[in-house]
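First the structure, in the form of structure tokens, and then the observations on it.
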Amino acid sequence: MFLSVFDMFKIGIGPSSSHTMGPMLAAARFLELLRRSAFRPSGLGARLHGSLAFTGVGHATDRAVMLGLAGFTPETYDAEAAKDALDALHATCEVVPEGLGTLTFRPKSDIVFDYGDPLPGHANGMVLYAFDAQGDVLVQETYYSIGGGFVLTDAELAKSAQTDSGAPVPYPFKTAAEMLEMAQKTGLSIADLKRANELTRRAPQALETGLQQLWSTMTACIDRGLQTEGALPGGLGVKRRAAGIHAALLAERGRNLTAPHVVNDWISVYAMAVNEENAAGGQVVTAPTNGAAGVVPATLRYWLDHVPGATEARIPEFLLTAAAIAGLVKFNASISGAECGCQAEVGSASAMAAAGLAAVLGGTPEQIENAAEIALEHHLGMTCDPVNGLVQVPCIERNGLGAIKAVSAASLALRGDGTHFVPLDAAIETMRQTGEDMSAKYKETALGGLAVNVPNC
């Protein structure tokens, strides 16, 4: 299955691509299903299972379902309109999605958090249903939010292979080994291979415009995070720190006493700015998920603002290279914290960022693959244990450290000639196996790790 750069990077809202964006998109898909059906229901309901139940409140899953059934989508999300819609919903217990009339939806009773066993298809499962005036279910569908804003129905997930109705791509690599072999045979860079594949789906100008929009959204998110202070929502009382750290870094600029390692603080503050925005429900870009949304933008912003010779003209090369690595990880393992822990989120993001940075620093395909492998290898086994189910602790700082690792991995890879002991494919397969072996309490359920060893209030 072809995974586009716009599959791996999606403009959406925080705090979670799997727990916020996915359920909102599932609700939108369910409304479309109702519009195509012959039934005219009077009310709607939702049951959340697995990780969506255990950490749903902290991830604003219930809010996302409500807004999705009211007709909102992540890409066109408007915060003020959403607030008004939620106020109206709580006051009337009704939604009025386009083409379906007025439907009863009581948030307190029609959203059920099922804390039993997860649904069989994936840890992030949900059932949406529509019923008549007597409460009989007329239409029902099961959806799985499989990470990064990807949503599949029960039937779609059950297929042994997902079909791709688009045109064949010229370079259909499914592994890093195949990608390197194609690069060697053609003399093309990884970004060039990815670009050629993308152009089978959209015109050159549309591709460039889309990539620019991704970066504009990323860097705007960084800027908002660097300027905003206060406490994050959710009840933990976590204070935003990016603005204060950024102000201190600006004040220190030009002083001869500043230590070289302070550049790590710049890398971290860019990532923290994004993830503080994400935790507050702001607009972010999945990279490849919301929980890991700060790593790629921080690494790219570091390169642009701090590395001599950096130019915005090469941003597409960075993003296309990163997306190629993301596609390999998703196809062969997972980008879902609920499936494989945080190694699949921040680990994948760090590998993507390391590859993108190595590319714009002049790395060969072999050095780029090495950079991605180093970054991923040194996140293997990382758990997803959000305190109180919120994408705040340890997620915000973890993105900063993921970006630092990405820069270090790229730099280390560029010191060599691309030959190395552990292939990227082996690291990806190891991540998949580790995720399978990992206890469910360490996979975005907030039932283990820091989530149970740090007071929630």
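Within the stretch 408-434, residues that are of a type in the set (D, E, K, R) reach partners that are surrounded by fewer than 19 Cβ atoms within 10 Å (Cβ to Cβ) with beta carbons closer than 7 Å, at six or more positions or on different chains, in the pairs Asp425/Thr175; Asp425/Ala177; Glu429/Asn332; Arg432/Asn332. Restricting Arg47, Arg29 to residues that are within 26 Å of Ala326 (Cα to Cα), in contact with an Asp or Glu (Cβ under 9 Å, 6 or more places away or on another chain), in the same structural domain as Asp84 (by TED's automatic domain parsing) and modelled with pLDDT of 95 or more narrows the list to Arg29.
For the stretch 409-422, the count of residues that are out of contact with any Cys (no Cβ under 9 Å at 6 or more places or on another chain), charged (D, E, K, R) and part of a helix (DSSP H, G or I) is zero. None of Gly400, Gly389 is farther than 20 Å from Ser268 by Cα and not polar (S, T, N, Q) except Gly389.
If you go through the stretch 212-270 and pick out every residue that is aromatic (Phe, Trp, Tyr) and either part of a loop (DSSP other than H, G, I, E, B) or in contact with a Pro (Cβ under 7 Å, 6 or more places away or on another chain) (or both), you end up with 1. Taking the stretch 436-454 as the search range and keeping residues that are surrounded by 20 or more Cβ atoms within 10 Å (Cβ to Cβ) and in a helix (DSSP H, G or I), which one is nearest to the chain's Cα centre (by Cα)? Per the criteria, the residue is Tyr442. Has the stretch 376-383 got at least one residue that is assigned to a helix (DSSP H, G or I), closer than 30 Å to Leu119 by Cβ, touching a helix residue (DSSP H, G or I) at 6+ places or on another chain (Cβ under 9 Å) and not aromatic (Phe, Trp, Tyr)? Yes, that holds for at least one residue.
Restricting attention to the stretch 173-189, which residues are without any contact (Cβ under 8 Å) to a residue 24 or more places away in the chain, assigned to a loop (DSSP other than H, G, I, E, B) and not hydrophobic (A, V, I, L, M, F, W, C)? Of everything in the stretch 173-189, just one residue is without any contact (Cβ under 8 Å) to a residue 24 or more places away in the chain, assigned to a loop (DSSP other than H, G, I, E, B) and not hydrophobic (A, V, I, L, M, F, W, C), namely Gly187.
Does Val139 count as at pLDDT 95 or above, surrounded by fewer than 20 Cβ atoms within 10 Å (Cβ to Cβ) and part of a strand (DSSP E or B)? Walk me through how you get there before you give the answer.
Details: at pLDDT 95 or above: yes; surrounded by fewer than 20 Cβ atoms within 10 Å (Cβ to Cβ): yes; part of a strand (DSSP E or B): yes.
The answer is yes for Val139.
Within the stretch 401-418, identify whether any single residue is within 16 Å of the chain's Cα centre (by Cα) and buried (at least 24 other Cβ atoms within 10 Å of the Cβ), and answer yes or no. Scanning the stretch 401-418, I find at least one residue that is within 16 Å of the chain's Cα centre (by Cα) and buried (at least 24 other Cβ atoms within 10 Å of the Cβ), so the answer is yes.
If you go through the stretch 389-400 and keep only what is buried (at least 21 other Cβ atoms within 10 Å of the Cβ), on the phi < 0 side of the Ramachandran plot and outside any loop (DSSP other than H, G, I, E, B), you end up with Cys395, Ile396, Arg398, Asn399, Gly400.
If you take just the helices (runs of 4 or more DSSP H) that sit entirely in the stretch 25-133, which of them hold at least 3 residues that are crowded, with 18+ Cβ neighbours inside 10 Å and touching a residue at least 60 places away in the same chain (Cβ under 8 Å)?
Numbers: elements: 51-54, 61-69, 79-92, 107-110.
Output list reads 51-54.
Which one is farthest from Gly149 (Cα to Cα), of the residues in the stretch 270-317 that are of a type in the set (Val, Ile, Thr) and either free of Cβ contacts under 8 Å to residues at least 40 places away in the same chain or surrounded by fewer than 24 Cβ atoms within 10 Å (Cβ to Cβ) (or both)?
Val307
Scanning the stretch 370-412 for residues that are more than 25 Å from Thr321 (Cβ to Cβ), out of contact with any Ser or Thr (no Cβ under 7 Å at 6 or more places or on another chain) and not hydrophobic (A, V, I, L, M, F, W, C) returns Thr383, Asp385, Asn388, Gln392, Pro394, Glu397.
Just wondering, is there one or more residues in the stretch 279-295 that are under 24 Å from Ser348 (Cβ atoms), part of a helix (DSSP H, G or I) and touching a Phe, Trp or Tyr at 6+ places or on another chain (Cβ under 8 Å)? Looking for residues that are under 24 Å from Ser348 (Cβ atoms), part of a helix (DSSP H, G or I) and touching a Phe, Trp or Tyr at 6+ places or on another chain (Cβ under 8 Å), one finds none in the stretch 279-295, hence no. The residues of the stretch 303-358 that are aromatic (Phe, Trp, Tyr) and under 17 Å from the mean Cα position of the chain (by Cα) amount to a single one, Phe331.
Okay, residues lined up against (1) touching a strand residue (DSSP E or B) at 6+ places or on another chain (Cβ under 9 Å); (2) outside the structural domain of Arg40 (by TED's automatic domain parsing); (3) of a type in the set (A, V, I, L, M):
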position: Val127; (1), (2), (3): yes, no, yes
position: Val137; (1), (2), (3): yes, no, yes
position: Tyr143; (1), (2), (3): yes, no, no
position: Gly149; (1), (2), (3): yes, no, no
position: Ala167; (1), (2), (3): no, yes, yes
position: Leu180; (1), (2), (3): no, yes, yes
position: Ile190; (1), (2), (3): no, yes, yes
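Each residue in the stretch 117-150 was checked for being under 31 Å from the mean Cα position of the chain (by Cα) and more than 24 Å from Pro15 (Cα to Cα), and 7 pass.
The values are calculated or read from the model by the stated rules, or taken from the named source; none is laboratory data. Because the structure is predicted, anything quoted here is derived from the model rather than measured. Cβ sites come from the backbone with ideal geometry, for glycine too, and all protein chains shown count toward neighbours.
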